Amino acid sequence: MSRRLPRAMTRLLVVGALLAATLPVAAQSVLIRGATVHTAGAQGSLQNTDVLVRNGRVAAIGTGLSAGDAQVVEANGRPLTPTLFGGVTGIGIEEVSGESGTRDDRLSLGEASDMAVRPEFDVTLAFNPDSIVIPVARVEGIGFTLISAGSASSIIGGQGAVMRLDGSVDPAGPKVLYLSLGADGAEQSGSSRAAQWMLLDQLIDEARGRLPADSHVAALTPAGKRALAPYLDGRGTIVVGVNRAADIRQLLRWSKRHGLRIAIRGGAEGWRVASDLAAANVPVFVDPLVNLPSDFDQIGATMENAARLQAAGVRVGFAQAGDASHNARKLRQLAGNAVAHGLPWEAGLAGLTRVPAETFGVGGSIGTIAVGRTADLVLWSGDPLDVTSTADQVWFDGRAIEMRSRQTELRDRYLRPATPATEGGLPRAYRKR
């Protein structure tokens, strides 16, 4: 039986498509003059500096640059940064969180006890560049996100990748594999975190041909074995959701034993094993607002987690613990909280730009402002880690986007007072016909 979309949802989707279509198609030359340029790279922060963009890339950085035929934007000292990381989200694969038909981030095959392991599950195939969620994040300076995959029947969730929010359909970088450990993966591993290591070792044996394909305990499809191959060879990054210090220690031992490349999402108790994480060169993507023991895996949660990790030499990035897709714009505020609790400001910006870009394989093109890099840039009204600052202009490939979203459309509509002359005496929710 067919179902009709509610009228409000239909309008929402149409507006999203129109907003996505507002991105200009041709790159242009731009000179952003007199900015405080936070490169997030080796050059650090540069005062009263110009950035010249040509053919979609940063062509020059300096003072007194000639504009030539480039459009000139007077920054007047305002901060200029790379576009920001939106975190590990469902942007583009999750439209309305309460409507299952608009969510493509989670695989459900049978019951959890069936342990249907499908690492070949690839959520990038469902990415919708016309999602209404994208413009909301984009006008707030968010330029890229890592879309996540999960499973109801396996601690291996599937694969995702970095997606730029510029209208692109395809991933901007290599695939990553998702793994959930500790309490988050207990239901998919026989209700015991000890079983997680048993199952993972078995899957590795199977993928590497040490377990016959016709064994009664075999869990991988041929496609699943092929999907795991690059990660087991150290050519792909495994993003592991884990919080408890004891589980992180076991994870570091396990990854070293098998020669795996990992990054941690969560790491609420990461500060307790900071030296081990630094020695293993494992980046940690924390939520700086996790400071209370919401479960037994986060007894040691603290707002100083990011600062303590960074002080020990760990590369720190950021990812929200809840409702990350529709609140990606708040991630910079969370980074500001980490700075308020001891993290150096430059490290806070790096956690939103360079660290995720390098970790997830796109650091050669985005995440820093440097000559030759893609000109994905944001000009801010003030400190980008301050809740009172806003993005004045966002560029993708040197193209200025229209700073409009579903939210700004609603704001502009309802800011106008209703009058009999303009609305025919109707409430302002209605247009005059």
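Enumerate the calculated ³J(HN,Hα) couplings along the stretch 394-411 in order (Karplus 6.51 cos²θ - 1.76 cosθ + 1.60, θ = phi - 60°), each rounded to whole Hz, writing x wherever the residue is Gly or Pro.
Rounded to whole hertz, the list is 10, 10, 10, 6, x, 9, 6, 8, 6, 7, 9, 8, 4, 5, 5, 4, 5, 4.
Near the amide H of LEU46, under 5 Å away, which other amide H atoms are found, from residues 5 or more places off or on another chain, if H is placed in the peptide plane?
VAL37, HIS38, THR39
Looking at the chain, send over the antiparallel percent of its DSSP beta bridges, to the nearest 5.
Approximately 50 percent, going by the DSSP bridge assignments.
So how do ASP276, ASP69 rank on accessible area, 1.4 Å probe, biggest first, that is with the largest at the start? Let's see the in-between values first.
On the way: ASP276 75, ASP69 125 Å².
Greatest to least solvent exposure: ASP69, ASP276.
Stretched out fully, how many nm does the piece from ARG235 to ARG249 gain, at 0.36 nm a residue minus the Cα gap?
Result for the pair: 2.8 nm of gain on full extension.
To the nearest 20 debye, what charge dipole does the chain have about its Cα centre, counting +1 at the Cβ of each Lys and Arg and -1 at the Cβ of each Asp and Glu?
Values: 45 positive and 42 negative charges, 138 e Å.
Rounded to the nearest 20 debye, it is 660 debye.
Restricting to the stretch 151-270, what percent of DSSP beta bridges are antiparallel, rounded to 5?
Values: 5 of 16 bridges.
The antiparallel proportion sits near 30 percent.
Within the stretch 260-293, find all residues whose amide N lies under 18 Å from a label point positioned 7 Å from the Cα of ALA340 along Cα-to-beta-carbon.
286-292
What ³J(HN,Hα) values, in whole Hz, does the Karplus curve 6.51 cos²θ - 1.76 cosθ + 1.60 give for the stretch 309-317 when θ = phi - 60°, with x put for Gly and Pro?
4, 5, 4, 7, x, 7, 6, 10, x
Could you order peptides 93-99, 315-321 by the average number of other Cβ atoms within 10 Å of their residues, highest first?
For the peptides 93-99, 315-321, the packing ranking is 315-321, 93-99.
Modelled label-to-label distance, SER294 and HIS258, 7 Å Cα→beta-carbon offset: nm?
Taking the simple label geometry, SER294 and HIS258 are separated by 2.7 nm.
State the percentage of accessible surface on the chain attributable to carbon and sulfur atoms; use a 1.4 Å probe and exclude ligands, DNA and RNA.
For the chain, the apolar C and S fraction of the accessible surface comes to 51 percent.
Which aspartates and glutamates, if any, have their Cα less than 15 Å from the Cα of LYS175, not counting same-chain residues under 8 positions apart?
Cross-link targets: ASP105, GLU120, ASP122, ASP233, GLU358.
Once R0 is set to 56 Å, what does the formula 1/(1 + (r/R0)^6) return for the Cβ-Cβ distance between VAL387 and ASP214, expressed as a FRET efficiency to the nearest 0.05?
Using R0 = 56 Å, I get an efficiency of 0.45.
Please give the peptides 260-273, 137-150 ranked by average Cβ packing (other Cβ atoms within 10 Å per residue), highest first, as a rough proxy for protection.
The most tightly packed comes first, giving 137-150, 260-273.
Could you sort 234-247, 352-365 so that the peptide with the highest average Cβ count within 10 Å comes first and the rest follow in order?
352-365, 234-247
Where does the charge balance sit around PRO230 when Lys and Arg score +1, Asp and Glu -1, over other residues with C-beta under 11 Å from its C-beta? Spell out each step's value before the answer.
Values: positive: LYS175, ARG226, ARG235, ARG261; negative: ASP233.
Counting the neighbours of PRO230, the net charge comes to +3.
Counting only other residues whose beta carbon sits under 10 Å from that of ARG272, what net charge do I get with K and R as +1, D and E as -1?
Result for the local shell: +1.
How large is ³J(HN,Hα) for each residue in the stretch 83-96, as worked out from phi by the Karplus curve 6.51 cos²θ - 1.76 cosθ + 1.60 (θ = phi - 60°), to whole Hz, x for Gly and Pro?
Per residue, the Karplus-derived 3J(HN,Hα) values read 4, 9, 6, x, x, 8, 9, x, 4, x, 10, 9, 8, 10 Hz.
The values are calculated or read from the model by the stated rules, or taken from the named source; none is laboratory data. This structure is a prediction, so every number in the text was calculated from the model and none was measured. With ideal geometry, Cβ positions are generated from the backbone for all residues, glycine too; neighbour counts draw on all protein chains shown. Accessible surface is based on the protein model in full, side chains and every heavy atom, while ligands, DNA and RNA are left aside. Shrake-Rupley method; radii C 1.70, N 1.55, O 1.52, S 1.80 Å.
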